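**Q** Here it is: the structure, laid out below.
What follows is calculated from the coordinates using simple rules that are stated; it is not laboratory data. No experiment lies behind these values; they were computed from the predicted model shown. All Cβ positions, even for glycine, are placed from backbone atoms using ideal geometry, and neighbour counts span all protein chains on display.
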Amino acid sequence: SIYVAAKKENPAIAADMDHAHLPVGISGQVREQHLGFPILIFNFTKYPQACKAFTAFLMEGPQFNPWIEAAQGYLSHFLLAYDANPIWTVDPKNTPYRDVAKLASTPAGIGTLNESAAAAIADFVVVDMFANYCSGREDLKGAMASAERQFKRIYRA
């Protein structure tokens, strides 16, 4: 995390940073993407019950809370019980990340998470739209039209 690095290497920059939820969109709800790492058990494992037990063990408080604290808010939890971890309130700049389980959506938003959605993310369509407008390369309507063309190309394929 840039914030964690700044706290160590440049406290003045860290003091100037802040974190907040994204603005409410047309849905009327805050929706965000957060970094989460799924714990997967392959269906070809020879020991599925041992894998499930180990996963359950990892997600218990004595193991998982220290991991969240070491990540200093950078990694997101998806179990509501971990909202109570002090990492979210000891530094108020971490507090917005506490609510990930309540606010997170898939990268496809309300759409279907599939190969087309993954391609749109990998091609940075929304990021480029924003950058093209902010850099002055395109006006607002032009940036939106370019993104729309890219989305249509990706979803048509």
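**Q** Pairs of lysines 8 or more apart, or on different chains, with alpha carbons under 27 Å: count those in the chain, would you?
**A** 5
**Q** How big is the dipole moment of the chain about its Cα centre under a simple scheme where the beta carbon of each Lys and Arg is +1, that of each Asp and Glu is -1, and everything else is neutral? Debye, nearest 20, please.
**A** Roughly 480 debye, rounded to the nearest 20.
**Q** Hey, could you get me the Stokes-Einstein D for region 10-157, Kirkwood radius over alpha-carbon pairs, 4 °C and 1.567 mPa s, rounded to whole µm² s⁻¹?
**A** Approximately 70 µm²/s, per Stokes-Einstein.
**Q** I need the fraction of alpha carbon pairs in region 71-146 separated by more than 17 Å, rounded to a whole percent.
**A** Across region 71-146, Cα pairs with separations above 17 Å total 62 percent.
**Q** Under Stokes-Einstein, with the Kirkwood radius over Cα pairs standing in for Rh, what whole-number D in µm²/s applies to region 108-157 at 20 °C and 1.002 mPa s?
**A** D = 192 µm²/s.
**Q** For region 48-109, with the dipole built from +1 on Lys and Arg beta-carbon atoms and -1 on Asp and Glu ones, taken about the Cα centre, which of Thr95, Ala70, Gln49 lies farthest toward the positive end?
**A** Gln49
**Q** Here is a further query. Of the candidates Ser146, Ser135, Ser27, which one comes out as most mobile in a Gaussian network treatment of the chain with C-alpha springs shorter than 10 Å?
**A** Looking only at Ser146, Ser135, Ser27, the biggest GNM fluctuation is shown by Ser135.
**Q** In whole Å, what is the distance between the alpha-carbon centres of region 77-104 and region 120-157?
**A** 32 Å
**Q** Now for a different question. What is the order of Val127, Val100, Val30, fewest Cβ neighbours within 10 Å to most?
**A** Val127, Val30, Val100
**Q** Another question about this same structure. Where does the chain land at 222 nm, in deg cm²/dmol rounded to the nearest 500, when only DSSP H runs of n ≥ 4 count, each adding -39500 (n - 2.57), divided by all residues?
**A** For the chain, the value works out to -14000 deg cm²/dmol.
**Q** When a footprinting reagent is the concern and you count Cβ atoms within 10 Å, what order do Cys51, Cys134 take, fewest first?
**A** Cys134, Cys51
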